[in-house]
Every structure is written in structure tokens, then in C-alpha cells.
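First comes the structure, then the notes that go with it.
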Amino acid sequence: MTLRLPRRGLAQALALIVILMVDRVVSPQFFNLHLQDGRLFGSVIDVLNRGTPVALLSLGMVLVIATGGIDLSVGAVMAIAGATAASLADAHSLPVVLLAALGVGLLCGLWNGILVAVLRIQPIVATLILMVAGRGIAQLITEGRIVTFTSPDLVWLGNGAVLGLPTPVAIAIGMLLLTAAVVRGSALGLLIEATGGNARASELSGVGTRTMILAVYVWCGICAALAGVIAAADIMGADANNAGLWLELDAILAVVIGGTSLFGGRFSLVLAVAGALIIQAMNTGILLSGYPPELNLLVKAVVVLAVLLVQSPRLSDLSGIMARWRSKKP
Amino acid sequence: MTFKALLAASATAALMLAHSASAAQLTIGFSQIGSESGWRAAETSVSKQEAAKRSVNFKIADAQQKQENQIKAIRSFIAQGVDAIFLAPVVASGWDAVLKEAKEAKIPVVLLDRDIDPSGKDLYLTAVTSDSVHEGEVAGDWLAKTVGDKACNIVELQGTVGASVATNRKKGFDTAVAKHPNLKVVRSQTGDFTRAKGKEVMESFIKAENGGKSICAVYAHNDDMMVGAIQAMKEAGLKPGKDILTVSIDAVPDIFKAIAAGEANATVELTPNMAGPALDAVIAYKEKGTTPPKWIQTESKLYTAADDPQKVYDSKKGLGY
Amino acid sequence: MQAPAMQTNVDLDSPLLEVRGLSKSFGALKALQEVDFTLRAGEIHALLGENGAGKSTLIKVVTGVFARDAGVVRLAGGEIAPRSAKAALDAGIATVYQEVNLLPNLSVAQNLYLGRQPTCFGVVREAEMRRRAKALLNGFGLDIDVGAPLSSYSVAIQHVTAIARAVDLSARVLILDEPTASLDRHEVEILFKAMRQLAAAGIGIVFVSHFLDQVYEICDRITVLRNGRLIGERETASLPRLELIRMMLGRELAETTETRAPAHSGAMGEVCASFKGFGKQGYVAPFDLELRHGEVVGLAGLLGSGRTETARLIFGAERADSGEAEVDGQAVRLNSPRDAARLGFGYCPEERKTEGIVADLTVRENIVLALQARRGLHRPLSRREQDEIAMRFIRLLDIRPPDPERPIGLLSGGNQQKALLARWLATEPRLLLLDEPTRGIDVGAHAEIIRLVRDLCDQGLALLVISSELDEIVTYSNRVVVLRDRAHVEELKGEAVEVSSILAAIAADGATAAQGAVP
């Protein structure tokens, strides 16, 4: 894998660098950094910090997609977990709040996993159920209000710092390392890739594909819950209507930008997170640029298209043909 | 409780009884959009209170953001033979058929909070709405008055791109500040009406504007974005309400907490009490045959630290915002 | 098996399709070098060669899928240069691939007339379309309900439908690329009948197949390619089979499949697994079966006779609802492939692509998959162990190219099959179930796989092998179980293991009834 990564990640690394350079052009102070209340402060930190929820989602999503599935409910799970955390925050200690919120995420993941792995419902349909119902559940918890809290412990999760890095960024790095350790340190990675590459063949090779699928949805639920807690901690409140809204699509996009096929099979955790950062670097750049907001989505679409085109195997074929054609011409 | 107070209370009760006696028969159906925002929830609870005050038999149907549910609800109200129908339309078009049915059944319809396409003008009694252009103007006028003659760079947090409320609040504000050459909107981005996006956009504004030092005021199309922006300013080491003036719209409870804490300066109220004026209009229409104006504009009241924000917060807190 | 060449009433000497000096390269790889090919009207012409010989490149260049580098293609004397399969079809060259390119959820009639439905004022005349479809298929000897979805019919009927569609689009040249690969004997007959009728009507047919028996049965002429070059064109009747194989391989086979294995003499070992009354309602009738170490048991029968079903039941891919299974004298549960794998069973399924390989993963990953699954999540094989296992089997089984990091999907069928064998051998199994281990594999690899089966048996493994090729089954089996209509009907041992006796057992009674059974 150490040999494979650099080659595989080239398109993503290039895209990230190009976008950061463009950001630097539209906003000259882009790379400026200083300490503010013991926490690094600057646009680059914003990219990391704001990219955290999608990065966390993509850590779960990439595994789900690797098995050939998809989880549309992560945005809703964020809202549920955020609502749970916010309503418990002022009365309970942080471990209790976290445990409850992540527990809720685990249950949501388990629900999705059972629908997909046991009842064999198509993932897109199975997770659509929670995508729609989940936000309703979150609204029930918050009673349609934005539930605010002041618990300093929970606020620290969103606004504190670890060694100068915003806590969310530190958490995301931690989760990346943890996921990588679990997935690549055990046989999980291989068995997930096999399941996604060919579920039938994997099952006939004795792989417990059902367990694999259940596990990735559960993990995806936990990651989404953590993202939801962080999003709530960030604004010191749970906004059931808007927390994580449409973020499932950003997470899927991050995974796709990270080079994982929606058909399943090969995946890369690092590149999925890189995909999330590419999306956020672009968002932050747009905000800094001062372009009218009507252009936001257009710019985003063009950049995403460019990144995906660079990755397209067909395009590299074409460029090869073009090169040959040019060299043939006298 | 003093005897005097008791007397006053019973007098009020008697008055209400008398009032209700005349309106006792009124049954009004309210097709509410849903509870997609805190304001909407507050509107629902205030509507119930206002109806109870007037002893109107009030039925609320929650449409969960779906027009088809609203149409169903209206048909069901017609079938029940209610005296009037309140409608908070989820979209502007597609109402003609069902409103004609109501008209044929001689049931007056009052639009709350939002208007519908002009083709339906004859099909309802009146529309009680706030004027979002006016809200923007009130915010702009306050800022111009507060800043005085100093030069002032303003950053604007817009609502969702394309939402009419966002377009209008921008338009009103722009009109107001255009009269003052010393006021200038230097940056304007959408924060999608949410706290999280408001915070994120403000973070980038601060970085793009010299660490926030060249920003003199923030205008947000709603209070939620402003609450997020206030956090962003605090995290950047700025003092919102002092270093940077804030003005936003809606008057949700949380902004009063910020005003009370000196972290926000002003908010323009989008009143959740649309039902009150509507009920009055319907009662007058039913009892005296008074035809109300086609449009009843609600007041866009400005609140600042001078209006006892803590008290307003306490009174609004329980409304479901 | 050798049938006389078809007599046709069409002039066999007028060239219908002429290919001269055709060349095509992909980068450095010369896929075709100055290849000539001549197809006469009314003949069935086999295009043969090992994998990589250039058969499919030739077809794809002629049908406009690939652009040619040099050479001419003439159809009925006129030069053509189609730029797409559609253009080739318009010119009169139709191709039917192994995977039928039709829409399975539409009816047979709709598939036949897709894009050219008979209409009346813009409305499809369904009844008229069905009437025409019925007449068209009757011409091919098929009398079926043309209103039913295509997917409800066997692959053979789907093929005939595709052929009928192609021919009805006024094709003069019909190219059939491996049409019989997934057909059973009876279905092949349906297809051959249709082919003979078309040839009699003057259509030229190019037939690509691995099945030499079929080639001898139906083809008038054979063209052999090897490594992108033309080796020769011969009359089928005057080309002995050994000579043909020599042309294809460029060497004498060390051992052809015709020679009988010495395995029959070997002393049989202990009972490895035994099944009593094992079966599943509507799947396979309960059977008794004993599998011994060092013994190959062949399963013979038509497609859908219950061969594959027996293997899947034993492997737990389907759950038995009756009978019991014992391994080494202990009663065991076989509820899932996991159970079976834990007991030391291995299964190489017939559908290599859909049920065997994980195409995106490397050869190494495919080889270690079953072993890793058995070890469980917490005991991952280190990268070094994986490399070591992969290299050992790549060397042992001569998997080419010997690159463990190549995605297995890029390997040839034979090498994929070897890698799948390696997947199970790495788990050191006691019982291996091989379903059509030589299907879709070129002649060279075919012989190697058969040698492997024998070697494994000699090492004490218990083997259960399914094959449609009776010659092959006879070669390595100590015992042969014959199935018919989803039931085990006969067991042949020792000297009784003969092609003729197997055929007799299969054909004993209502042998063709299996045709309707869904595989």
C-alpha cells in the first residue's frame, strides 16, 4: 500500500494544491497563521475545521461505498446525534453526552445495516428511510427549536484546541488514524474490498459478507454521530432542520473525488478525507473571493467536474491517443 | 393579590366572556405549513393563544411542508363548514381550484405570512403578511442612524440564494443604506439562514477583511445567522456589539440573549402574531360585514438594548422558537 | 462425434467476406499481423485459436468496433470500412456475443422488433408484432410464447432470439462469438439447427468456439490464428483433430485429454465426507454420497440436471432441508459457505467471473481471500505472509503473468481458474468441489488444469468435479455420479466409467426433459 498510494493519490494531491493556490490568489492572506486564544487562526485552519464534518462522514461513507452500498442518512444521523447531545449537554457530563450521541449513531447504523445486510433492501432505498425519518426524529427531540446549551465541555469539542489545532480537526485526525488502524491493521480492509468487488464470490470464499456490511453501516453511523456532535458543539446548539442538511451528498462526493468507485471494491481512507478537504478548500475559497453567492454552486460544479475528469480512465486513454496523434503529425 | 387586582382580573374575564359570547359560534380552520422553523412553531402557538383570547374554535392542520396536504386540509375544512379558513401557503401557485371551492361555499380565506400568485387575488379575503422589504429598510435605517457620519464597511449575510425573503431583505437594506454614502456593503455571501453557515461565512469575512478590523457592521438576513456570526467574531478575538455593530431580522429569543449580553445591537421583528390581525378582520367581517383591506401589513418593530431584551427573551422563550 | 460437413445448395466458392492483409496494434502489442480470412456464402466457418490468438480483435476490426491499421475488408466484392458496430450491421454483418446484448425485461417479440416495431398511426401493433415474431422464430424451429420476457427463457433461446433479430435485419454475414459456452447439449442442438438453416439460406456464418467437438460437428471450414497471425485455413473433413490442436498450440500436447488417467488403479483412502438423504425440496432430490480422500468423483449430467446444485448444497451455498452430513465420522452443519470453509471444503464455482474472482483485486488478494476469511478478522495475514503464499502458488500452478499485484480481472480465463484453485489450496482443504474447472479455457491451460486435478487427488485430497465434457470426466474420475432431472440416478465405478456408459445413463429415460429446468 505504501507503494500504491502516491500513484493513486496524484490527481487528488494535484487538485488540492491547485485549489489552495487559487485560494491564495483570491485571498492573499490565505496562508497567514497566528495564535488566537491558544488556537491557530487562519484560512487554512478554517478549511480543516470546516472540512471536519464532511471528512468524518466520508470516513464512514468510504467504507459503505467500498462494499457497494451507500448511506444517504448520514446528514439526518448528524441531526439526531446533535439533538441528543444538545438536549443532554447541560445536565450530564461530557462522557455521558458523547456516549449517548454515539450510541444513537450506532443504533441508526445498525438499523441501516440490518435493512441492507439482513433484509437485503437496496442500500439507496434502505438509507433513504432514515434520511427522511431521521430529520423528523431530530425535530421531535428538539421540539422543532434550536436547542442551545452552555456546557463548556461540549463547547470545547467544537471550539477548543488541542496543541493549537481546533478540537474538531484533532478529532478528525484521530478518527482517521483509528479507522485506518482498524481497517488496515486487521483483515477488515481486504474483506470489505472483496465484498464490494464481488459479494457473491466473497460469500462463496467463506467471507462473512453480512457481518462486513453490518459493520460498515454501524461505523458510518458512529462517524456521522460524531460529526453531528461536533457540528452542534460548533454553534452551541442543535439545529434539527439544518444540521448536516445535504452533507450526505458532500460526503459521497468526497469519497468519489477520493477515487473510490460507487460500484464498490477498492477504497482509500486518506483520499476520501482529501476529497473532503478539496471540497472545503473550494468552499472557503469561494467565501473569501467575494464573488456573488449566485456563482457558488456553479464554481463548485466546475471544479468537481475537473477533478473527476482528471481521474477518468477514459480521459487518460484519450490523452494518450492525442499524444500519439500529435507525435505522428510531422 | 390585592382586592383591586382581583377585581381587575374578574372584570377582564367578564369582558372576555362577553366578547366570546358574540363570537362563540366562530370556528376557524388554519392550514399551517408545518414546523420547519422555530418561527413557524412560534406562529402556531401564538395563533392558538390569539384564538383562545377571542374564544374562537380554532383547528390547526399541519401540512408537513406539502401543498397537497394543505389542499386536503382546506377541503376538509370546507366539508366541516367552518366560518373561515386561514392559510399559510407553502408555495405561491396552484391554489386557484381549492380557493374557488371555498369561495363557492362562501367561506372567507385569509392568507397568513405569505402571499399567493396574483391570479388568486379575488379568491381570498385578505392577506396578513409582513413586508420583508420594509424589514430590510428598518434595519438599514437603524444602522445609518447609529453610525452617523462615520465611514462604515458593512458585511452582509444573505439568506438562501433565490428565496424571496432574502431578496427582499437585501433590497430594503440596500435602499436604506444607499441614502448614506458613508455606508458601504463590502462583502455579501449566503449563509443559508443557518447558524452553522452564518458562522462559517463570517469566519471567512473576518479573514478577508484584515482580521475583521475593517468591518464596522454586520447585517444578517436572520437572527440565526447572526448568532453564528457572533460566535465567529468572538473566536477571532473581536467584540461583537462593540467593535462590530450587528443588526439582523426576525427577533428570535436567542438574539435577545445576545443583546442583553451586549454582543448584538439590534433586531427587527417578524412578528409571529399574524393570526391576531387576521382574527380581528374575520370577526369584523362576520359581525359587521366590514371588508378588510386586501393586505394587512404587520408591524416590523425594531428592538435594541433599550427595549429590556431580557424581558422580551423571557416572554418569547416559551413560544416554541 | 465427427459429423459430415453440411451439404448446402448454395455456391460455396463465391467469397462473401474477404479480409486481406489486416493488421492492428495496441501500443507495442501486435494483435493482428497481415491476417487473411475468407468466408463463403452458405458456409459455417470456425475461427479458432488460443486466448490471445487475435480472434476477437479480428471480429472487432471487421465489425468496426476497432479501427484497423492496415488491410482491406470486402463484402460481396465491395470494400467496406464500418466505423461502428451499427455501421457494420447496416452493411450486413451482424455479431452475436456470448453475453446476449438484448433487454432481458422486454418480451421476446419486443426484443426482436426493438426500434422497428410495426406501428399503426404511431401506436405499436402488439398483436402484429407478436405474430411476426412467432413466424420468425418458427423459422428457427422455436415455438415459444413471444410475449414472455426474454429473461424467462434459457440462454440458448436468448441466443437464437439475438440471431433471429440479426438475421431479420438482413444480415448476410453472421458472427457468433462463443455462443455455446453456457449452453447444454440440448440447447446447442437448438442453436445448431438454426445455424444450419441460415447457412442453407446462403448466409455466411463465422463460429468462434472452444468446443472442438462442436466445431467438427457443424463447421465446413476452419481458420486458425495464433499470436495474431494466420496459421492456415482447412476443410474440416480433411483436418484430423490432433493436427488442428497442433496448429492452435504450435506444439504437440504433452498429454491430450483423450488418454485415460491411471488414477483408476489407485487405492482409495478413508471416507472424507458422507451425505445421507441430503437434499432440498425443489432443488436436488435427497441423495447418498461418500467422498474419499485420494479419490475423484465426477458429476455428469445435462445442464440443470442438478450437478451444480449438488455442489452448492454440499458447500452450504444452499441450505439442505433433509438428510445429514458427516465429516470424518462427525455430524456437521452446512448452513453457509462459511461453515463449509471451516470444515475444510473448497468450491470453485462454474461462473468464474460472477462468483469466483474479485476482478478489481490483485492475484495475491484473490489467492489469500479464503484463507483470510477462515482465519477471521483479528488474525490478518501480514503482507509478507500474503506475498509468500501468493508466490508459492503462482509458481506451483504456473500462473501467468507471475505478477501477484496484477488485478486478477486482467488475467486469462485459465490463469484465473488456477488462481481460484490456489485460493482454496491455500486453505489446505480436505475436499475440493470443482464446477466446470475447464470451461472457457484455452486448450493448453485445459490440459494443465486436468493434470492438476490428478495431482491433487494423488496428494490425498477428496475431489468432486463437475464437467460437461465427458471425455474429461472419464479421464480423471474414479467414480462418476450421473444426474438427471435433479436427482442422482446412477453411480459408475472402475471399468464402468466410460463415455458411452455415462451417455447411456444420462439418456436412459426422458433425457431431454431437463431442458426446461432453470439452472
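The values are calculated or read from the model by the stated rules, or taken from the named source; none is laboratory data. No experiment lies behind these values; they were computed from the predicted model shown. Cβ sites come from the backbone with ideal geometry, for glycine too, and all protein chains shown count toward neighbours. Please note that ligands, DNA and RNA were not included when accessible areas were found on the heavy atoms of the full protein model with its side chains. Shrake-Rupley method; radii C 1.70, N 1.55, O 1.52, S 1.80 Å.
Among the residues of the range C:139-148, is any touching a Gly at 6+ places or on another chain (Cβ under 8 Å), over 25 Å from residue C:91 (Cα atoms), at pLDDT 80 or above and small (Gly, Ala, Ser)?
No, the range C:139-148 contains no residue that is touching a Gly at 6+ places or on another chain (Cβ under 8 Å), over 25 Å from residue C:91 (Cα atoms), at pLDDT 80 or above and small (Gly, Ala, Ser).
State all residues of the range C:208-225 that are open to solvent by 20 Å² or more (accessible area, probe 1.4 Å), in a helix (DSSP H, G or I) and either more than 16 Å from residue C:44 (Cα to Cα) or at pLDDT 90 or above (or both); if no residue qualifies, say none.
Listed by number, the list holds a single entry, C:217.
Determine whether the range A:266-283 contains at least one residue that is touching an Asp or Glu at 6+ places or on another chain (Cβ under 8 Å), open to solvent by less than 10 Å² (accessible area, probe 1.4 Å) and within 14 Å of chain B (Cβ to nearest Cβ).
yes
Can you confirm whether residue A:244 is buried (at least 24 other Cβ atoms within 10 Å of the Cβ) and within 13 Å of chain C (Cβ to nearest Cβ)?
On the way: buried (at least 24 other Cβ atoms within 10 Å of the Cβ): yes; within 13 Å of chain C (Cβ to nearest Cβ): no.
So residue A:244 fails the test.
Return the only residue of A:233, A:227, A:187 being open to solvent by less than 20 Å² (accessible area, probe 1.4 Å) and within 9 Å of chain C (Cβ to nearest Cβ). If you could, list the steps in order and put the result at the bottom.
On the way: A:233 fails: within 9 Å of chain C (Cβ to nearest Cβ); A:227 fails: within 9 Å of chain C (Cβ to nearest Cβ).
It is A:187.
Assess whether residue C:59 counts as being aliphatic (A, V, I, L, M) and without any contact (Cβ under 8 Å) to a residue 60 or more places away in the chain.
On the way: aliphatic (A, V, I, L, M): yes; without any contact (Cβ under 8 Å) to a residue 60 or more places away in the chain: no.
No: the conditions fail for residue C:59.
Pairs please, first residue from the range A:282-303 and of a type in the set (Asp, Glu), second anywhere and modelled with pLDDT under 90, Cβ atoms under 7 Å, 6+ apart in sequence or on different chains.
A:294/B:161
Quickly run through the range B:239-256 and pick out the residues that are aliphatic (A, V, I, L, M), part of a loop (DSSP other than H, G, I, E, B) and more than 10 Å from chain A (Cβ to nearest Cβ).
B:251 - this is the single residue of the range B:239-256 that is aliphatic (A, V, I, L, M), part of a loop (DSSP other than H, G, I, E, B) and more than 10 Å from chain A (Cβ to nearest Cβ).
Could you list, in sequence order, the residues of the range B:178-191 that are outside any strand (DSSP E or B) and either of a type in the set (Val, Ile, Thr) or buried (at least 24 other Cβ atoms within 10 Å of the Cβ) (or both)? Quick ask: steps written out before the conclusion?
From the range B:178-191, those outside any strand (DSSP E or B) are B:178-182, B:191; that's our starting set.
B:191, the sole residue that qualifies.
Does the range B:211-221 include one or more residues that are of a type in the set (Gly, Ala, Ser) and facing chain A (nearest Cβ under 9 Å)? Walk me through it before giving the result.
Kept after step one, since they are of a type in the set (Gly, Ala, Ser), are these residues of the range B:211-221: B:211-212, B:214, B:217, B:220.
Now narrow it down to the ones that are facing chain A (nearest Cβ under 9 Å): B:211.
Taking every residue of the range B:211-221 in turn, at least one turns out to be of a type in the set (Gly, Ala, Ser) and facing chain A (nearest Cβ under 9 Å).
Restricting to the range B:196-221, count the residues that are open to solvent by 10 Å² or more (accessible area, probe 1.4 Å) and under 24 Å from the mean Cα position of the chain (by Cα).
Selection size over the range B:196-221: 2.
Give me the residue from the range C:226-238 that is modelled with pLDDT under 90 and not basic (Lys, Arg) and, out of that set, surrounded by the fewest Cβ atoms within 10 Å (Cβ to Cβ). Please lay out each step first, then the result.
Let us first name the residues in the range C:226-238 that are modelled with pLDDT under 90, namely C:226-229.
If we keep only those that are not basic (Lys, Arg) too, we end up with C:227-228.
Numbers: C:227: 15, C:228: 21.
So, considering only residues that are modelled with pLDDT under 90 and not basic (Lys, Arg), the one surrounded by the fewest Cβ atoms within 10 Å (Cβ to Cβ) is C:227.
Return the residue satisfying two criteria in turn: it lies in the range C:310-343 and is of a type in the set (Gly, Ala, Ser) and in a helix (DSSP H, G or I), and of such residues it is nearest to the other protein chains (Cβ to nearest Cβ).
This residue is C:341.
Does residue B:55 satisfy the criteria of being at pLDDT below 95, small (Gly, Ala, Ser) and within 23 Å of the chain's Cα centre (by Cα)? Quick ask: steps written out before the conclusion?
Numbers: at pLDDT below 95: yes; small (Gly, Ala, Ser): yes; within 23 Å of the chain's Cα centre (by Cα): no.
Considered against the rule, which asks whether it is at pLDDT below 95, small (Gly, Ala, Ser) and within 23 Å of the chain's Cα centre (by Cα), residue B:55 comes out as no.
All but one of (1) more than 13 Å from chain A (Cβ to nearest Cβ); (2) in a helix (DSSP H, G or I) hold for residue C:366; state the number of the condition that does not hold.
(1)
Taking the range A:191-210, which residues are among the hydrophobic types (A, V, I, L, M, F, W, C) and either more than 7 Å from every other protein chain (Cβ to nearest Cβ) or open to solvent by 10 Å² or more (accessible area, probe 1.4 Å) (or both)? Write out each step before concluding.
Step one: of the range A:191-210, the residues among the hydrophobic types (A, V, I, L, M, F, W, C) are A:191-192, A:194, A:199, A:201, A:204, A:207.
Once the filter is applied, which keeps residues that are among the hydrophobic types (A, V, I, L, M, F, W, C) and either more than 7 Å from every other protein chain (Cβ to nearest Cβ) or open to solvent by 10 Å² or more (accessible area, probe 1.4 Å) (or both), the range A:191-210 yields A:192, A:199.
Return the residues of the range A:160-170 that are within 21 Å of residue A:86 (Cβ to Cβ) and surrounded by fewer than 21 Cβ atoms within 10 Å (Cβ to Cβ); say none if nothing qualifies.
Residues of the range A:160-170 that are within 21 Å of residue A:86 (Cβ to Cβ), as a first pass: A:160, A:166-168.
Answer for the range A:160-170, where residues must be within 21 Å of residue A:86 (Cβ to Cβ) and surrounded by fewer than 21 Cβ atoms within 10 Å (Cβ to Cβ): just A:160.
Which residues, taken from the range C:77-94, are outside any helix (DSSP H, G or I) and open to solvent by 60 Å² or more (accessible area, probe 1.4 Å)?
First, pick out the residues of the range C:77-94 that are outside any helix (DSSP H, G or I): C:77-84, C:92-94.
Once the filter is applied, which keeps residues that are outside any helix (DSSP H, G or I) and open to solvent by 60 Å² or more (accessible area, probe 1.4 Å), the range C:77-94 yields C:79, C:81, C:83.
Could you give me the residue pairs with C-beta distances under 7 Å whose first residue belongs to the range C:473-499 and is on the phi > 0 side of the Ramachandran plot, whose second residue is surrounded by fewer than 16 Cβ atoms within 10 Å (Cβ to Cβ) and at pLDDT below 85 wherever it lies, and which are 6+ apart or on separate chains?
C:485/C:513
Take the range B:86-97 and flag every residue that is buried (at least 22 other Cβ atoms within 10 Å of the Cβ) and not in a loop (DSSP other than H, G, I, E, B). Step through it out loud before you land on a result.
Our first condition is that a residue be buried (at least 22 other Cβ atoms within 10 Å of the Cβ); within the range B:86-97, this holds for B:86-89, B:95.
Scanning the range B:86-97 gives B:86, B:87.
In the range C:344-361, what count of residues is obtained for those that are more than 8 Å from every other protein chain (Cβ to nearest Cβ) and open to solvent by 10 Å² or more (accessible area, probe 1.4 Å)? Before you say what the answer is, go through the steps one by one.
The first filter runs over the range C:344-361 and keeps only residues more than 8 Å from every other protein chain (Cβ to nearest Cβ), leaving C:344-346, C:348, C:350-353.
Pick out the ones that are also open to solvent by 10 Å² or more (accessible area, probe 1.4 Å) and you get C:350-353.
The total comes to 4.
Just wondering, is there one or more residues in the range A:38-45 that are in a helix (DSSP H, G or I), within 14 Å of chain B (Cβ to nearest Cβ) and among the small types (Gly, Ala, Ser)? Walk me through it before giving the result.
To start, the set of residues in the range A:38-45 that are in a helix (DSSP H, G or I) comprises A:43-45.
Applying the additional criterion that residues be within 14 Å of chain B (Cβ to nearest Cβ) yields A:43-45.
So of that shortlist, the ones also among the small types (Gly, Ala, Ser) come out as A:43.
Yes; the residues of the range A:38-45 include at least one that is in a helix (DSSP H, G or I), within 14 Å of chain B (Cβ to nearest Cβ) and among the small types (Gly, Ala, Ser).
Within the range A:135-152, restricting attention to residues that are in contact with a helix residue (DSSP H, G or I) (Cβ under 9 Å, 6 or more places away or on another chain) and assigned to a helix (DSSP H, G or I), which residue is surrounded by the most Cβ atoms within 10 Å (Cβ to Cβ)? Walk me through it before giving the result.
Taking the range A:135-152 first, the residues in contact with a helix residue (DSSP H, G or I) (Cβ under 9 Å, 6 or more places away or on another chain) are A:135-151.
From what's left, assigned to a helix (DSSP H, G or I): A:135-142.
Working: A:135: 24, A:136: 14, A:137: 19, A:138: 27, A:139: 20, A:140: 12, A:141: 21, A:142: 24.
Top of the filtered list is A:138.
Starting from residues that are within 14 Å of chain A (Cβ to nearest Cβ) and out of contact with any strand residue (DSSP E or B) (no Cβ under 6 Å at 6 or more places or on another chain), keep the ones in the range B:140-164 and report whichever is most open to solvent (accessible area, probe 1.4 Å). Write out each step before concluding.
Of the range B:140-164, the ones within 14 Å of chain A (Cβ to nearest Cβ) are B:153-163.
Still in the running and out of contact with any strand residue (DSSP E or B) (no Cβ under 6 Å at 6 or more places or on another chain): B:159-160, B:162-163.
Values: B:159: 0, B:160: 53, B:162: 71, B:163: 31 Å².
Once the filter is applied, the top-ranked residue is B:162.
Applying the selection to the range C:159-176, what residues are surrounded by 20 or more Cβ atoms within 10 Å (Cβ to Cβ) and either under 19 Å from the mean Cα position of the chain (by Cα) or aliphatic (A, V, I, L, M) (or both)?
C:159, C:160, C:162, C:163, C:164, C:166, C:167, C:171, C:173, C:174, C:175, C:176
From the list B:175, B:167, pick out the single residue that is part of a helix (DSSP H, G or I), without any contact (Cβ under 8 Å) to a residue 60 or more places away in the chain, within 14 Å of chain A (Cβ to nearest Cβ) and over 16 Å from residue B:226 (Cα atoms). Give the derivation first.
Values: B:175 fails: within 14 Å of chain A (Cβ to nearest Cβ).
Criteria check complete, one pass: B:167.
Only one residue in C:361, C:369, C:410, C:334 is without any contact (Cβ under 8 Å) to a residue 12 or more places away in the chain, at negative phi and among the aliphatic types (A, V, I, L, M). Which one? Talk me through it step by step, then tell me what you get.
Working: C:361 fails: without any contact (Cβ under 8 Å) to a residue 12 or more places away in the chain; C:369 fails: without any contact (Cβ under 8 Å) to a residue 12 or more places away in the chain; C:334 fails: without any contact (Cβ under 8 Å) to a residue 12 or more places away in the chain.
Answer to the selection: C:410.
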